[in-house]
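The values are calculated or read from the model by the stated rules, or taken from the named source; none is laboratory data. Please read all numbers here as calculations on a predicted model, not as lab measurements. Every residue, glycine as well, gets a Cβ built from its backbone with ideal geometry; the counts of neighbours run over all protein chains shown. Just the protein is used for accessible areas: all its heavy atoms, side chains included, with ligands, DNA and RNA removed. Shrake-Rupley method; radii C 1.70, N 1.55, O 1.52, S 1.80 Å.
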Amino acid sequence: MHFTFGIGSALPATATAAATPAKPTFATLGSNSCFSLPVVPKVESTETGLGDLKSRFAASPAHSANAKAEDTKGAFNSVSSTGARSKKAFTFTVHPKLDSPWRDVEWTEERKMSLMKSVGSYRPSCEYVTQARILLLGPVGSGKSSFISSVQSVFNGRVTNRAMVGSSSTSFTKKLQSFNIRGQKGEDPTGLVLCDIMGLGDGEMTGLTLHDILSVIKGHVPEGHKFSSDQPVRSETIGYVKRPNFKDKIHCVAFVVDATEILTYPKGLSTTFQQLREHISDLGVHQVALLTHIDQICPETAKDVTQVYKSGIIQEMMSKAGALLGMSTSYMVPVKNYSSEVDLNMNTDILLLSAVDHILQYVDLYFQDNTPQYTGPKIDHSL
């Protein structure tokens with residue numbers, strides 16, 4: 001069975017449109033180059049090609065700031081349109097409901113409380129660090145800020161929006177913001193910090209650069225720093241952390257992609273993701289991925305979250321997201337963020353908490369692999 005609907009639609013419906021020529025310009029992908037991708041109308045598909053721009057990359061002023069980027073073997077190319085794009089409707093294949101789930105989840109109050117206790121009491125396995133820092137990274141509108149607010153809502157016991165969420169095609173988040181996930185009332189803060197950053201491909205001049213993203217992960221970027229493509233992070237940047245401690249660094253990166261946009265993301269975004277992942281891996285940082293807005297591609301899951309792992313269409317979009325990121329689906333989890341709801345739902349909470357628990361597994365792997373040989377005074381975790 002097939003449902004045909006326009007890209008980005010929340011519900012199955014037929015949508016078609018006439019062809020419209022367009023020639024968006026993609027920025028150079030290099031050490032100090034902007035990841036900003038053009039704002040593409042949601043009903044358009046994109047055909048892209050790659051053109052070698054190594055010479056432009058080598059001339060980049062921030063090239064020397066990231067020595068590792070020199071060993072790219074010509075991997076940095078620009079992404080540009082090779083011709084007119086036509087508007088057309090996309091068809092999502094809606095699979096019959098699966099007889100058995102492709103992942104097992106216990107949808108009970110006991111499971112929710114167990115996950116809350118596990119996440120709420122989490123402390124990094126590294127004795128010199130009190131909080132694990134996770135960076136959420138993904139395209140504009142993928143649901144990074146919404147995920148942060150949703151996780152906070154679970155622990156607050158009501159739907160809240162502490163991380164500001166936008167609704168336009170440009171990134172609402174413009175600066176580096178860290179959110180400490182608070183425990184329930186009367187409890188100490190968790191050892192988990194979710195870091196929000198502006199979205200990739202916001203189509204503005206103030207986009208992220210590879211150099212800036214890696215600077216965040218290395219711990220050089222100060223809290224609240226506002227990003228600008230023409231002012232990359234440098235040692236002269238106000239608040240620049242010249243010698244970041246282990247606690248300043250990012251301990252895991254969670255890529256966030258929108259299930260409703262998987263088939264319409266510009267093809268060049270896959271190259272961007274995979275090159276970015278290579279550089280992050282070189283820093284020894286593990287990566288996972290969240291597939292958001294799953295309720296908008298599966299009506300059954302929209303009505304009942306427990307159907308998420310019986311949904312063939314969600315399973316298929318997970319596979320396509322894995323191809324986009326160059327990542328095995330074993331590193332990926334589907335999530336449903338709170339958006340229009342005003343009350344919490346136990347099953348939605350379980351799905352969100354399961355995603356956090358999944359991330360923390362890879363955080364601990366980072367600490368196991370990268371715990372520094374530290375000879376200074378230990379941090380008193382009781383403070």
message: Report the gain in length on full extension from SER319 to MET346: 0.36 nm times residue separation, minus Cα-Cα distance, nm rounded to one decimal.
response: 7.0 nm
query: At q = 0.16, 0.21, 0.29 Å⁻¹, what log₁₀ I(q)/I(0) does a Debye calculation on the Cα points of segment 101-141 give, no solvent, two decimals?
result: -0.74, -0.87, -0.93
message: For a protection proxy built on the mean count of beta-carbon atoms within 10 angstrom, sort 254-266, 354-366 highest first, please.
response: 254-266, 354-366
message: For LYS117, what accessible surface area do you get with a 1.4 Å probe? Give it in Å², rounded to 10.
response: 150 Å²
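With +1 on each Lys and Arg Cβ and -1 on each Asp and Glu Cβ, and nothing else charged, work out how big the dipole of segment 259-383 is about its Cα centre, in Debye to the nearest 20. Mind showing how you got there, number by number?
On the way: 7 positive and 14 negative charges, 65 e Å.
Dipole size: approximately 320 debye.
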field: Whole-Hz couplings from phi, Karplus 6.51/-1.76/1.60, listed for segment 115-130; x for Gly and Pro
entry: 5, 4, 5, 5, 6, x, 9, 4, 9, x, 6, 7, 5, 9, 10, 9
task: Would you mind checking which residues have amide H under 5 Å from PHE255's amide H? H placed 1.01 Å from N; only 5 or more apart, or other chain.
output: LEU137, VAL288, ALA289, LEU290
query: What order do you get for 219-231, 311-323 when each peptide is scored by the mean count of other beta carbon atoms within 10 Å, highest first?
result: 311-323, 219-231
Estimated distance in nm for a label pair at ASN161 and ASP282, the labels positioned 7 Å out from Cα along Cα-to-Cβ: 4.0 nm
- line: Under a 1.4 Å probe, counting only protein heavy atoms, SER178 has an accessible area in Å², nearest 10, of 30 Å²
query: What full-extension length gain, to one decimal in nm, is calculated for SER178 and ASP369 as 0.36 nm per residue of separation minus the Cα-Cα distance?
result: 66.4 nm
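Considering only protein heavy atoms and a probe of 1.4 Å, how much of the accessible area of segment 109-369 is carbon and sulfur, as a whole percent? Please list the in-between numbers first.
Numbers: 4430 of 9930 Å².
Ligands and nucleic acids excluded, carbon and sulfur reach 45 percent.
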statement: Interchain or sequence-distant (5+) residues whose placed amide H lies within less than 5 Å of the amide H of VAL140 are LEU200
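Distances longer than 30 Å among the Cα atoms of segment 109-369: what percent of all pairs is that?
Details: 7792 of 33930 pairs.
The answer is 23 percent, as a whole percent.
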query: So what's the net charge close to LYS249: Lys and Arg +1, Asp and Glu -1, counting the other residues with Cβ under 11 Å from its Cβ?
result: +2
Ranked packing of 340-352, 122-134, most packed first, by mean Cβ within 10 Å: 122-134, 340-352
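Based on Cβ point charges of +1 for Lys and Arg and -1 for Asp and Glu, what charge dipole magnitude is obtained for segment 109-369 about its Cα centre, in debye rounded to the nearest 20?
420 debye
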task: Could you calculate the FRET efficiency of SER125 with PHE246 from 1/(1 + (r/R0)^6), where r is the beta carbon distance between them and R0 is 22 Å, rounded to 0.05?
output: 0.95
statement: Checked against a 23 Å limit on the C-alpha separation, the offending pairs among LYS144/LYS218; LYS175/LYS247; LYS97/LYS267; LYS174/LYS303; LYS144/LYS242 are LYS97/LYS267; LYS174/LYS303; LYS144/LYS242
message: Of LEU135, THR329, HIS293, which is farthest towards the positive pole of segment 109-369's charge dipole, taken about the Cα centre with +1 and -1 on the beta-carbons of Lys, Arg and Asp, Glu respectively?
response: LEU135
query: So what are the ³J(HN,Hα) numbers for segment 224-238, from phi and the Karplus equation (6.51, -1.76, 1.60; θ = phi - 60°), rounded to whole Hz, Gly and Pro as x?
result: x, 5, 8, 8, 8, 5, 8, 9, x, 5, 9, 4, 7, 4, 4
